[in-house]
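Asks: If you scroll down you'll find the structure; I have some questions about it.
Every number here is computed from the coordinates shown, using simple stated rules; none is lab data. Model, not experiment: these values are computed from the prediction. Using ideal geometry, Cβ is built from the backbone for each residue, glycine included, and neighbour counts are taken over all protein chains shown.
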Amino acid sequence: MVVVADEKDSAFTVIVAIFANLGIAIAKGIAGALSGSAAMISEAAHSVADTMNEVLLLVAVRRSDRPADARHPFGYGRERYFWTLLAAVGIFVGGGVFSVLQGVNELRGGEGEGGHFRLSYIVLAVSFGLELVSWLQARSQLRSDAARTGRKMRDQLWATTDPAATTVFFEDTAALAGLVIAGIGVALHEATHDSMWDGLASIAIGVLLAVVAVALGRENRSLIVGEAADPRLQEGVRDLLVAHPEVDAVDELLTMVIGRGEVLVAARIDLDDDITAGQVEALARRMEREIIAEHPFVRHFFLDVTADSGTPQP
């Protein structure tokens, strides 16, 4: 049986990331303004973008948990993927594109000298510590989810139906790598008195963020379009169906993720020709109870009985 993460886990992970990145953005912005470092300015923009993106993730967590209504009978679970897709776009534009442009401008017009290098190092070190706290929280949630779902953590990163923790994890991983790159750029700038290194570091940070954004965007696009459930769930449902002696064959089994830990299942089955309409109705109810008991994240189960000549219809 697969168990999904508690909603509070996702919200807490996102809130930790928001506060961490807000403090980091302010510190980087001050250091970048004082030193004129392109890498530091890019890192400040990166943290501002991350903060805004995590606000979008918090909106996603809250809005996707609304109950179903007449207009949205399957609930609002997939709205989470829309907002996290916007967050991925934010990483690409607010972080990646800005950093690359900042780096190019530095290469084209850098004056070669800088200042306040010690302040930059202090800010980078403090930022690394704060980002690490957020990264550890996201990793902790992912590892906990992976243990409950029986997956390896690297599989949980892409197989989870809750992209909030995955997005924070990749954002923070990119941020930690970006801080190292920025530190190298600042150090080379100080050692050589050539701002070219700052510009190159800024471009490298931008490329890193763009790669992360594209990867996250592709995953959320898949979930928005309608991704099939975990193959283990599909196999488990099929096994439960064929276990009934009245079932001759499972002709088709369709699944779709409709939200965090929410799956829709539709099955087309071929039944024994001698079964009565009343027995079909009772069997359908029994199948639904068994499937939901074994896989509680199945929120909707639909059964279609293949019509052979002489096969009664429910």
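Asks: With the dipole of the chain worked out from charges on the C-beta (+1 for Lys and Arg, -1 for Asp and Glu) around the Cα centre, which of Val265, Gly95, Gly29 lies farthest toward the positive end?
Replies: Towards the positive end, the residue furthest out is Gly29.
Asks: Next question, about the same structure. Report the label-to-label distance for Val211 and Ala11 in nanometres (one decimal), using points 7 Å from each Cα along the Cα→Cβ vector.
Replies: 3.6 nm
Asks: Further, regarding this structure: Rounded to a whole number, what is D in µm²/s for the chain from Stokes-Einstein with the Kirkwood radius over alpha-carbon pairs (25 °C, 0.890 mPa s)?
Replies: 113 µm²/s
Asks: With the crude spin-label approximation of a point 7 Å out along Cα→Cβ, what separation in nm comes out for Val242 versus Arg286?
Replies: Once both label points are built, they end up 1.9 nm from each other.
Asks: Residue separation times 0.36 nm, minus the C-alpha to C-alpha distance between Ser140 and Glu252: what's the value? Walk me through the intermediate numbers first.
Replies: Values: separation 112, 0.36 × 112 = 40.32 nm, distance 3.78 nm.
Extending this stretch completely gives an extra 36.5 nm.
Asks: To continue, here is another question. Report P(r) for the range 222-265: all Cα-Cα distances, bin width 5 Å, range 0 to the bin holding the largest distance, values in whole percent.
Replies: That works out to 5, 21, 29, 19, 13, 8, 4, 1, in percent per bin.
Asks: For the chain, what's the relative contact order in percent, using C-alpha pairs closer than 8 Å and at least 6 residues apart? Walk me through the intermediate numbers first.
Replies: Working: 533 pairs, mean separation 66.5, N = 314.
Relative contact order of the chain: 21 percent.
Asks: Sticking with this one: Any chance you could run the full-extension gain for Ala187 through Ser222? It's 0.36 nm times the residue separation minus the Cα-Cα distance, nm to one decimal. It would help to have the intermediate numbers written out before the result.
Replies: Values: separation 35, 0.36 × 35 = 12.60 nm, distance 4.11 nm.
Result for the pair: 8.5 nm of gain on full extension.
Asks: Okay, next question. At most 13 other C-beta atoms within 10 Å and a DSSP loop state: those are the exposed trypsin sites (Lys or Arg not before Pro) I care about. Give me the longest piece of the chain that has none.
Replies: Details: sites that count: Arg71, Lys152.
Between exposed loop sites, the widest span is 153-314.
Asks: Measure nothing but the geometry: give the 0 to 90° angle between the long axis through the Cα atoms of 231-242 and the longest principal axis through the Cα atoms of the chain, rounded to 10°.
Replies: The two axes meet at around 10 degrees.
Asks: Note down the magnitude of the dipole of the chain about its Cα centre, charges +1 on Lys and Arg C-beta and -1 on Asp and Glu C-beta and zero elsewhere, to the nearest 20 debye. Walk me through the numbers on the way to the answer.
Replies: Details: 26 positive and 41 negative charges, 217 e Å.
Using only the charged Cβ atoms, the result is roughly 1040 debye.
Asks: Right, something else. Could you work out the helix-only [θ] at 222 nm for the chain, with each DSSP H run of four or more residues adding -39,500 (n - 2.57) and the total divided by the number of residues, to the nearest 500 deg cm²/dmol? Walk me through the intermediate numbers first.
Replies: Numbers: 10 runs with 210 residues, N = 314.
For the chain, the value works out to -23000 deg cm²/dmol.
Asks: Would you list the P(r) distribution for the range 161-231, with all Cα-Cα distances sorted into 10 Å bins from 0 and each bin expressed as a whole %?
Replies: P(r) for the range 161-231, in whole percents per bin: 19, 35, 23, 14, 7, 1.
Asks: Measuring from label point to label point, each 7 Å out along Cα→Cβ, what is the Trp158 to Asp272 span in nm?
Replies: 4.4 nm
Asks: Per residue and in Å³, how big is the convex hull formed by the alpha-carbon atoms of the range 231-305?
Replies: Numbers: hull volume 5.6 nm³, N = 75.
Spelled out: Cα convex hull of the range 231-305, divided by residues, is 75 Å³.
Asks: While we're on this one: For the chain, take the longest principal axis of its alpha carbons; what is the angle in degrees between that and the long axis of helix 163-192, to the nearest 10 within 0 to 90?
Replies: Taking Cα atoms only, the helix is inclined about 20 degrees.
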